[in-house]
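Below is one structure, written out as structure tokens; comments come after it.
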Amino acid sequence: MVASRLGYIVLGVEEPSKWETFGSETLGMMANTDDSGNVCLKMDDHPFRVLVCKSDHDGLLYSGWEIDDLDTYEEIRSKLIEAGFDAQTGSDAEAGTRCVSRFFRSTDPSGNNFEVYFKRTNVGEPFVSPTDVTEFVTGDMGLGHVVIPAPNLDETRGFYESMLGLQLSDDLSMAGGGNGQPDVRIYFFHADNPRHHSLALFNQPVPTKIVHFMLEVTNLDEVGKCLDRVNAKEIPLMASLGRHCNDNMVSFYVYGPGHIPVEFGYDGRRLDLSTFKPTVSTVGDHWGHDYQM
């Protein structure tokens, strides 16, 4: 009983139209506005992977976890209810907005909202990037990954392991770096696919409920060209170009509208789930990634 992949995320921002521009002109995703005024950002044959809704507060509203078979979907829902967690079934209208056949929503022990769904609908329309991005890495590995705050770190880790079946990829611990900065602890989890991690839990609170989400492309030149677009528009970076240790990703981080960071990268590590053993890390990067939080 395990979630198959991170299928989508839902963001809430005061001005969704800014994400339509940023998503298409900077990140290279296809953007359109649905009948409800939500901005749909498309990066493959799915109708969208990022849904941006109008909200009084900027941040992550939901992470959407895809389940490949109906029995597993029902097992996860029943297990949550038996453990005393909410598992509120979404309405037909809400399912239509998300382009899924059915879904329910719940909340983890650190207060992060998520959704679990079965069977994406409206799949099949081709992706054509407005900035000529050749391809995003999705398919069986889904959107990419999302990193969320988890002040109740160990309890939240146990929740995702026991309720969604996610499995630990890496346990990263780093000293705070002086000036009263707290120590950093991040748990990285993979779903039932080879991507090194689809979820990571950060041990400190974040007002927007999101540390960042990641988009992966198929070659290094796409990363460089996106970085050129960011610099030409003078959009602030959260981190310079660098390579991570645990998942090997070459990437940079840019602040999207609403101060929501996006990691844009290439060459993420793939796991052989039949042999992989979780790692323990004390260093985040081989080089680069000068963070400006």
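Quick note: the coordinates plus some simple rules give every number you see, no bench work behind them. For clarity, every value in this text was computed on a predicted model and none was experimentally measured. Using ideal geometry, Cβ is built from the backbone for each residue, glycine included, and neighbour counts are taken over all protein chains shown.
See the values below:
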quantity	calculated
Restricting the stretch 133-176 to GluC sites (Glu not before Pro) in coil, as DSSP defines it, with at most 16 other Cβ within 10 Å	Glu135
Cα-derived Rg to Rh of the stretch 68-151, Kirkwood definition	1.03
Thr279 long-range amide H proximity, modeled H, under 5 Å	Asp170, Asp171
Rotationally averaged projected area of the stretch 5-120 (alpha carbon convex hull; nm²)	7.4
Whole-angstrom Cα spans of the stretch 119-211 along principal axes, big to small	49, 34, 23
Diffusion constant of the stretch 188-293 at 25 °C, which comes from Stokes-Einstein with the Kirkwood Cα-pair radius and 0.890 mPa s, µm²/s	167
Debye equation applied to the C-alpha atoms of the chain, log10 I(q)/I(0) at 0.14, 0.16 Å⁻¹	-1.04, -1.42
GluC sites (Glu not before Pro) lying in DSSP loop within the stretch 207-293, provided at most 15 other Cβ fall within 10 Å	Glu234
Kirkwood Rh and Cα Rg combined as Rg over Rh, evaluated for the stretch 179-239	1.04
Amide H partners (placed H, <5 Å) of Tyr62, local residues excluded	Val10
Percent of beta bridges antiparallel (DSSP, the stretch 1-89, rounded to nearest 5)	75
Distant-in-sequence amide H partners of Gly256 (H built 1.01 Å from N, under 5 Å)	Val262
Antiparallel %, DSSP beta bridges [both residues in the chain], to 5	70
Derived scalar couplings ³J(HN,Hα) [the stretch 274-281; Karplus, 6.51 cos²θ - 1.76 cosθ + 1.60; whole Hz; x for Gly, Pro]	7, 10, 5, 10, x, 10, 10, 10
Relative contact order computed over the chain (Cα-Cα under 8 Å; 6+ residues apart), in percent	18
Cross-link partners of Lys209 among lysines (Cα-Cα below 20 Å; sequence separation of 8 or more within a chain)	Lys18, Lys54
Vicinal HN-Hα couplings computed from phi for the stretch 105-113 (Karplus, 6.51 cos²θ - 1.76 cosθ + 1.60; Hz; Gly/Pro x)	10, 8, 9, 7, x, 9, x, 8, 7
Net charge, Val280 excluded, C-beta distance under 13 Å - Lys, Arg +1, Asp, Glu -1	0
Local net charge near Phe103, Cβ-Cβ under 11 Å (Lys/Arg +1, Asp/Glu -1)	+2
Derived scalar couplings ³J(HN,Hα) [the stretch 162-170; Karplus, 6.51 cos²θ - 1.76 cosθ + 1.60; whole Hz; x for Gly, Pro]	7, 8, 9, x, 5, 10, 5, 9, 7
